[in-house]
Amino acid sequence: MNAPNPARQVERASLYYTLNNGLIWKHIETLRGNPGAYEWRVPVLTNGKKKCRIKVVLRDAAGNSLGRDASDAVFSIGL
């Protein structure tokens with residue numbers, strides 16, 4: 001992940017997931033600051049998915065992007 005500019009403080013960390021390798025991202029939650037960790041309950045699915053990914057976007061108080069990262073590889077959510 002790109003390291004945030006130390007002169008600009010992280011105000012929000014927005015978390016997203018995708019079930020189709022990034023075609024459509026779904027919002028999980030937006031957290032204040034940069035908590036460093038988050039316990040996520042995977043969504044309830046009617047069938048398993050094999051192209052899942054997670055991403056985080058860090059923003060300053062003005063809403064400017066400070067950095068972002070996504071999982072390097074897809075993972076599966078099974079039943």
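The values are calculated or read from the model by the stated rules, or taken from the named source; none is laboratory data. This one's a predicted model, so the numbers in the text were calculated from it and none came from an experiment. All Cβ positions, even for glycine, are placed from backbone atoms using ideal geometry, and neighbour counts span all protein chains on display.
Listed values, structure above:
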read-out: Search result, residues across the range 51-63 that are modelled with pLDDT of 95 or more and over 12 Å from Ser14 (Cα atoms); value: Lys51, Cys52, Arg53
read-out: Residues located in the range 27-38, provided they are surrounded by 10 or more Cβ atoms within 10 Å (Cβ to Cβ), in contact with a Ser or Thr (Cβ under 9 Å, 6 or more places away or on another chain) and not β-branched (Val, Ile, Thr); value: Glu29, Leu31
read-out: Qualifying residues in the range 52-74 (those that are among the hydrophobic types (A, V, I, L, M, F, W, C) and surrounded by 14 or more Cβ atoms within 10 Å (Cβ to Cβ)) - the one farthest from Tyr17 (Cα to Cα); value: Leu66
read-out: Among (1) surrounded by 10 or more Cβ atoms within 10 Å (Cβ to Cβ); (2) among the charged types (D, E, K, R); (3) at pLDDT below 95, the one test that Arg41 misses; value: (1)
read-out: Scope the range 10-38; condition more than 12 Å from the chain's Cα centre (by Cα) and modelled with pLDDT of 90 or more; matching residues; value: Val10, Glu11, Leu19, Asn20, Asn21, Leu23, Ile24, Arg32
